[in-house]
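Trainee: Starting off with a structure, shown below.
Only the coordinates and a few stated rules stand behind these numbers; no lab work does. This structure is a prediction, so every number in the text was calculated from the model and none was measured. Cβ sites come from the backbone with ideal geometry, for glycine too, and all protein chains shown count toward neighbours.
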Amino acid sequence: MGRYNYFREREAANKPKIHPIWSGIGCIMMVLTPILAWAGSILLLQYGLVNKWQFLNSLADPIRFPREAYLIPVINNVANYISSIPYLQALISFFILFLFVLTGLYELIYIFFYKLQE
């Protein structure tokens, strides 16, 4: 074969094996992270409302859909429900914030434990 195949085979042979439990932990984290992010966004919104954070006023407006969305019966129900949720823009913003922060923390923890295995 090629001149450099020997080095590639040896590199693959020295690659550390990942413990199977990391697959289970990753699956649990994929489910748990959005749940924790949503719970954190609700708690942060409640804390902000109690302490009267000023920027929440700009996120208090309900989400509005185009007029045509209210003409279709099924979409009308969904649009009315989404429009009725107070501070939905703030909840979504805080959710994305918490999702990024939690994912970053999990990556740092994973890197730490992965380096311990080597």
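Trainee: I need a count of the residues in region 58-93 that are surrounded by 10 or more Cβ atoms within 10 Å (Cβ to Cβ) and either in contact with a His (Cβ under 7 Å, 6 or more places away or on another chain) or more than 25 Å from Thr103 (Cα to Cα) (or both). Explain how you work it out, then say what you get.
Mentor: Going residue by residue through region 58-93, those that are surrounded by 10 or more Cβ atoms within 10 Å (Cβ to Cβ) are 59-65, 69-70, 72, 75-80, 82-93.
Still in the list and also either in contact with a His (Cβ under 7 Å, 6 or more places away or on another chain) or more than 25 Å from Thr103 (Cα to Cα) (or both): 60-65, 69-70, 72, 75-80, 82-86.
The total comes to 20.
Trainee: Anything in region 84-116 that is of a type in the set (Ser, Thr, Tyr) and either within 18 Å of Ala39 (Cβ to Cβ) or touching a helix residue (DSSP H, G or I) at 6+ places or on another chain (Cβ under 6 Å) (or both)? List them, or say none. Lay out the reasoning, then the answer.
Mentor: Taking region 84-116 as the starting set, the residues that turn out to be of a type in the set (Ser, Thr, Tyr) are 84, 87, 93, 103, 106, 110, 114.
Tyr87, Ser93, Thr103, Tyr106 - these are the residues of region 84-116 that are of a type in the set (Ser, Thr, Tyr) and either within 18 Å of Ala39 (Cβ to Cβ) or touching a helix residue (DSSP H, G or I) at 6+ places or on another chain (Cβ under 6 Å) (or both).
Trainee: A further question on this structure: Is there any pair linking a residue in region 31-54 that is of a type in the set (Phe, Trp, Tyr) to one that is assigned to a loop (DSSP other than H, G, I, E, B), with Cβ under 9 Å and at least six apart or on different chains, and which?
Mentor: Cβ pairs passing all conditions: Tyr47/Trp53.
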